[in-house]
Amino acid sequence: MFVPHVFVEEELAVGGQATLAPDDAHHLLRVLRRRPGDRVVAVTPAGRRWLSQLAAGTPPRVRAVAPLPGSEPPVHVTLGQGLPKGAKMEEVVRHGTEVGVSRFVPVWAARSISRPRDAAVARRVERWRRIAREAARQAQRSAVPRVDPPATLEALLAEAAWDLILMPWEEEEARGLRQELEARAAAWGRPAAGRRVLILIGPEGGWEAEEVEAARHAGARVVTLGPRILRTETAGVLVAGLVLHALGDLG
């Protein structure tokens with residue numbers, strides 16, 4: 001039987017209880033028609049998963065029964081997505097969360113068509129965060145991915161935490177993504193636990209040559225994805241899945 005996941009705001013111990021967030025309570029009680037005593041997996045702020053039961057009473061609560069293994073990838077993947085137009089970023093966040101992306105950073109790229117004002121940006125970020133939470137619940141993850149406000153490529157590259165930066169570019173011909181990932185897997189082993197990988201995906205018009213050179217200067221590995229051109233909302237999810245698989249996740 002399918003056991004739904006919920007996120008709670010309190011840490012748990014055996015027999016301990018936590019209150020459900022309103023959206024999780026609505027999903028369990030109204031959408032899934034669960035009742036007191038039914039099983040549920042509760043995920044705490046520290047990313048711990050607990051086999052739990054719905055408890056009777058108001059407000060709706062869960063009672064922890066036994067701890068469960070975590071479900072997060074061993075590799076921390078950040079997707080730096082050149083800010084696309086329309087609702088495409090929502091697709092990126094939803095499907096990237098399902099695959100296992102740990103952090104999303106929309107990037108103000110030179111060819112980004114979408115240039116929302118500050119108030120609109122704040123509303124979009126909040127929506128993207130809600131989508132990440134819903135997708136994490138559906139995918140039964142141990143954590144909700146972080147969704148940052150839009151940043152510049154320069155700021156993202158300046159972060160010192162990266163073990164590997166990958167930038168797919170349609171004009172690259174010399175080195176393929178598979179070649180790069182095979183080399184990393186050989187050097188790091190599988191699973192490459194704790195490694196931090198940044199994937200940089202251009203917006204609809206792709207990266208400009210100056211952006212690619214800036215990324216190279218920061219240590220990025222510029223790679224080709226082959227002869228076909230992918231949509232911006234498809235490319236990042238595909239590359240994230242391949243990275244996670246090559247470095248010890250996704251079976």
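The values are calculated or read from the model by the stated rules, or taken from the named source; none is laboratory data. A quick note: this is a predicted structure, and the numbers were derived from the prediction, not measured. Cβ atoms come from the backbone with ideal geometry, glycine included; neighbour counts cover every protein chain shown. Note: accessible area is taken over every heavy atom of the protein model, side chains too, but ligands, DNA and RNA are not part of it. Shrake-Rupley method; radii C 1.70, N 1.55, O 1.52, S 1.80 Å.
Note that the range 222-229 has calculated 3J(HN,Hα) couplings of 8, 10, 9, 9, x, x, 9, 9 Hz, one per residue in order, obtained from phi through the Karplus relation 6.51 cos²θ - 1.76 cosθ + 1.60 (θ = phi - 60°); glycine and proline are x. Measuring between their Cα centroids, the range 78-115 and the range 206-233 lie 15 Å from each other.
I need the shape label for the range 93-134. Rule: rounded when a/c is under 1.5, else prolate if a/b > b/c, else oblate, with a, b, c from the alpha carbon gyration tensor. In terms of gyration-tensor shape, oblate.
Take Trp188: with every protein chain present and a 1.4 Å probe, its accessible area is about 50 Å².
Distance distribution P(r), the range 204-251, all Cα-Cα pairs, bin width 5 angstrom from 0: 4, 17, 20, 24, 23, 9, 3, 0 percent.
With K and R counted +1 and D and E -1, the other residues having a Cβ less than 11 Å from that of Pro73 yield a net charge of 0. Calculated on C-alpha atoms, the gyration radius of the range 35-128 divided by its Kirkwood radius gives an Rg/Rh of 1.13. Taking the Cβ of Trp128 as the centre, find all other residues whose Cβ is under 14 Å away and add up their charges (Lys, Arg: +1; Asp, Glu: -1). So the environment of Trp128 carries a net charge of +4.
In this structure the amide hydrogen of Asp249, modeled in the peptide plane, comes within under 5 Å of no amide hydrogen from residues 5 or more places off or on another chain.
Every Cα-Cα pair in the range 127-174 was counted, and those over 12 Å apart are 74% of them. All Cα-Cα distances of the range 90-179, cut into 5 Å bins from zero to the largest, leave 2, 12, 19, 19, 20, 17, 7, 3, 0 percent in each bin in turn.
Among (1) 56, 45, 44; (2) 57, 41, 39; (3) 61, 44, 31, which is the computed Cα extents along the principal axes in Å? Structure-derived value, by its label: (3). Semi-axes of the equivalent ellipsoid for the range 3-42, computed as √(5λ) from the eigenvalues of its C-alpha gyration tensor and ordered from largest down, come to 17, 12, 8 Å.
If you take the Cα centroid of the range 18-70 and the Cα centroid of the range 126-194, the two points sit 30 Å apart.
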